[in-house]
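Notes to accompany the following structure.
The values are calculated or read from the model by the stated rules, or taken from the named source; none is laboratory data. Everything numeric here is computed off the predicted structure, so don't read it as measured data. Cβ sites come from the backbone with ideal geometry, for glycine too, and all protein chains shown count toward neighbours. Please note that ligands, DNA and RNA were not included when accessible areas were found on the heavy atoms of the full protein model with its side chains. Shrake-Rupley method; radii C 1.70, N 1.55, O 1.52, S 1.80 Å.
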Amino acid sequence: MAELAEKAGITVRTLRFYRERKLIPPPRREGRIAWYGEHHLARLRTIAALLERGHTLGGIAELLTAFDCGRDVGELLGLAGAVITTPWSEEAAIRLTPEELADRFAGQVTPENLTAALELGYLAADGDEIVHISRRLLDASTDLVRRGVPLSAVLAAAHEVRAHADALAETFTALIRTHVLPRSPDVPAALEHLRPIARTVVDAELSLAMDRRLHKELTPNAEKR
């Protein structure tokens, strides 16, 4: 317990409190010896990341319990029967063992990179497994690393992309809030129609921006043209 607390950067007293609140799974026992593993450390880092984002321990306990029991997040947040119940993203989470994660990013699953992934909300611990929030993002990260981009650089870029994505989401949300919600009797249907439109706009603008950037940086004498 002392070793786990030290690695997680918390006190043994705090760790005992988390155990009493059932925020971490019980250790594996051999007689009087209690063994903690990497999944316990990952869970503690998940808790730390959620605390940094302003979640309370009570809220974290509810989220982790709901996650462990497979409850619907909409039910947990009291959204069942509300106007907006369908996620916009349609992302599919993926479960991996620590060994499978290590195989994807050979030699780069360091404590620093794990912490960065936890802070982004990409990873969470669930017993002996690790859950990534998006199969598509995991596959993209894996492909970038295999093409020579360090995982640390991928995660740093993800922080920047997240900031720009949040700004785009605010833009589209403002349009929806101002011009769609007041006029739409069937809000879920309206959002379902708007989802592919938003994706098309973002994809087209990013493609055009990449054309401009690549032309400027990779075309010889582009500045003179």
Evaluate E = 1/(1 + (r/R0)^6) for Ala204 and Ala169, where r is the Cβ-Cβ distance and R0 equals 22 Å; express this FRET efficiency to the nearest 0.05. 0.80
Rounded to the nearest 10, the angle in degrees between the Cα long axis of helix 38-52 and the longest principal axis of the Cα atoms of the chain comes to 60 degrees
Packing rank of 126-133, 197-204, 27-34, 8-15, where each peptide gets the mean count of other beta carbons within 10 Å, highest leading: 126-133, 8-15, 197-204, 27-34
If one compares the long axis through the Cα atoms of helix 187-218 with the longest principal axis of the Cα atoms of the chain, the angle in degrees, nearest 10, works out at 80 degrees
With every protein chain kept in place and a 1.4 Å probe, segment 89-187 has an accessible area per residue in Å² of 61 Å²
Hits in segment 1-41: amide N under 15 Å from the 7 Å Cα→Cβ extension of Thr97, namely 38-39
Using the beta-carbon distance between Trp88 and Val12 and R0 = 41 Å, what value does 1/(1 + (r/R0)^6) give for FRET efficiency, to the nearest 0.05? 0.45
Provide the solvent-accessible area of Glu20, counting protein heavy atoms only and rolling a 1.4 Å probe, rounded to the nearest 10 Å². 140 Å²
Of the accessible area of the chain, computed with a 1.4 Å probe and all protein chains kept, carbon and sulfur make up a percent value of 57 percent
Per-pair calculated FRET efficiency, R0 = 30 Å: Thr110 and Ala140 via Cβ, rounded to 0.05: 0.90
May I ask for the equivalent-ellipsoid semi-axes of the chain, computed as the square root of five times each C-alpha gyration tensor eigenvalue and listed largest first in whole Å? 37, 27, 14
Against the longest alpha carbon principal axis of the chain, how many degrees, from 0 to 90 and to the nearest 10, is the axis of helix 57-69 turned? 90 degrees
Sticking with the crude label model, points 7 Å out along Cα→Cβ, report the distance from Glu160 to Arg29 in nm, one decimal please. 5.1 nm
Compare Met210, Met1 by solvent-accessible area with a 1.4 Å probe and give them largest first, with all protein chains kept in place. Met210, Met1
